[in-house]
1. Do the conditions hold for Asp87, that is, is it touching a strand residue (DSSP E or B) at 6+ places or on another chain (Cβ under 9 Å), within 15 Å of the ligand (Cβ to nearest atom) and either modelled with pLDDT of 95 or more or within 30 Å of Ala251 (Cα to Cα) (or both)?
2. Need pairs with beta-carbon distance below 6 Å; first residue in the same structural domain as Val224 (by TED's automatic domain parsing) and within region 160-182, second away from the ligand (no atom under 14 Å from the Cβ) and part of a strand (DSSP E or B); sequence gap 6+ or separate chains.
3. Given (1) touching a Phe, Trp or Tyr at 6+ places or on another chain (Cβ under 6 Å); (2) closer than 23 Å to Met14 by Cα, identify the lone condition not met by Pro114.
4. Based on what the data block shows, is Val161 under 19 Å from the mean Cα position of the chain (by Cα), modelled with pLDDT of 95 or more, within 6 Å of the ligand (Cβ to nearest atom) and buried (at least 17 other Cβ atoms within 10 Å of the Cβ)?
5. Filter region 246-284 for residues that are assigned to a loop (DSSP other than H, G, I, E, B) and within 14 Å of the ligand (Cβ to nearest atom) and give the result.
6. Taking Gly246 and the conditions (1) buried (at least 18 other Cβ atoms within 10 Å of the Cβ); (2) in contact with a Gly (Cβ under 6 Å, 6 or more places away or on another chain); (3) not charged (D, E, K, R), which numbered condition does it fall short on, given that it satisfies the others?
7. Select from region 1-19 the residues that are open to solvent by 90 Å² or more (accessible area, probe 1.4 Å) and farther than 13 Å from Thr255 by Cα and write down the one among them that is modelled with the lowest pLDDT.
8. Do we have any residue at all in region 140-156 that's part of a loop (DSSP other than H, G, I, E, B), hydrophobic (A, V, I, L, M, F, W, C) and either within 14 Å of the chain's Cα centre (by Cα) or at pLDDT below 95 (or both)?
Amino acid sequence: MTQIIDGKEIAARMRHEIAEDAARLKSGGTTPGLAVVLVGEDPASRVYVSMKEKACAEAGIFSDEHKLPAQTSQADLLALIERLNRDERIDGILVQLPLPDHIDESKVLEAISPHKDVDGFHPYNVGRLVTGNPLFQPCTPYGVMKMLEYTGIDLSGKEVVVVGRSNIVGKPVALMCLAKHATVTLCHSRTRDLPQVVGRADVLIAAVGRAEMIRGEWLKEGSVVIDVGVNRVGEKKLVGDVDFEGAKGRASAITPVPGGVGPMTITMLLYNTVESAKRRGERR
Ligand code: NDP
């Protein structure tokens with residue numbers, strides 16, 4: 001029987017624990033605070049930002065919203081970030097991407113204090129992840145690791161194959177698995193004979209962005225499949241990067257899409273914010 005790894009359930013359990021932590025901090029006089037900065041009118045970004053604000057409210061995190069017009073100058077945005085860096089009520093700063101074309105994204109991300117970088121994209125935090133001493137870890141890959149942990153899957157000595165090498169998912173999740181003592185193979189569009197490499201995996205993590213590209217018959221019998229991909233097929237249907245029905249016959253455990261990794265991303269943003277609030281005193 002293949003276990004379906006229920007991301008909604010794991011996320012709900014974690015959010016309950018995060019809310020308890022936030023309440024404890026609040027009763028000690030520290031209300032965790034997240035600043036959310038949105039520049040422009042991109043409809044998908046507006047939806048993400050409102051989901052984040054709602055999740056903050058439910059967890060007892062103070063959310064400080066900054067919705068700026070699309071023509072906001074880079075200098076004004078950098079000045080806002082500087083103010084938020086100094087604001088003691090704020091434990092995390094999130095700048096919703098993408099930014100309008102006239103703004104240099106890396107300049108903005110690097111202006112965020114690494115000690116409030118709850119997205120984990122600042123080069124300082126990337127460096128700490130690489131050297132095995134992480135401070136903030138990026139939310140989607142960190143969510144993948146929490147799912148494995150909550151499901152009781154130990155990575156030590158296992159063959160992990162990651163498909164996709166983006167800075168936001170593939171590369172960081174590979175480093176996180178390495179830190180858990182897995183033997184990690186990182187694949188991408190130039191990888192030769194992907195089915196053969198995937199077939200080696202005890203744990204497969206797919207983050208490609210191509211609907212059902214990884215076929216069930218490629219998988220090793222009994223492997224664990226974490227599907228980060230979210231691909232729209234037709235008007236309403238969402239599917240992952242892995243052929244779920246085919247994979248179900250071979251995998252011992254698999255995440256569904258939707259309802260797998262998706263709900264973990266915002267959960268980890270809340271988690272990082274509350275962890276940051278616990279360190280508020282050390283930032284002074
Ligand atoms: P990117 O487009 O940045 O990266 C995709 C990666 O897949 C690249 O490294 C690319 O290789 C590789 N790739 C593309 N085609 C192939 C192929 N035929 N064979 C092997 N590798 C291939 O994507 P992201 O990492 O940003 O996102 C990946 C997926 O995860 C998307 O579906 C996205 O929607 C989803 N996602 C889900 C989140 C969630 O919250 N659940 C959050 C973030 C992303 P190369 O580098 O050589 O071009």
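1. no
2. Within 6 Å, the pairs are Val160/Val184; Val160/Val203; Ala174/Val184; Cys177/Val160; Cys177/Val184; Leu178/Val184; Ala182/Val160.
3. So the condition that Pro114 fails would be (2).
4. Judged against the criteria, Val161 is not a match.
5. The answer is Thr255, Pro256, Val257, Pro258, Gly259, Gly260, Val261.
6. (1)
7. Filtering first and then ranking leaves Met1.
8. no
The values are calculated or read from the model by the stated rules, or taken from the named source; none is laboratory data. Just so we're clear, the structure is a prediction, and the values are computed from it rather than from any experiment. Every residue, glycine among them, receives a Cβ derived from its backbone with ideal geometry; neighbour counts consider all protein chains shown. These area figures cover heavy atoms from the full protein model, side chains too; ligands, DNA and RNA do not enter into them. Shrake-Rupley method; radii C 1.70, N 1.55, O 1.52, S 1.80 Å.
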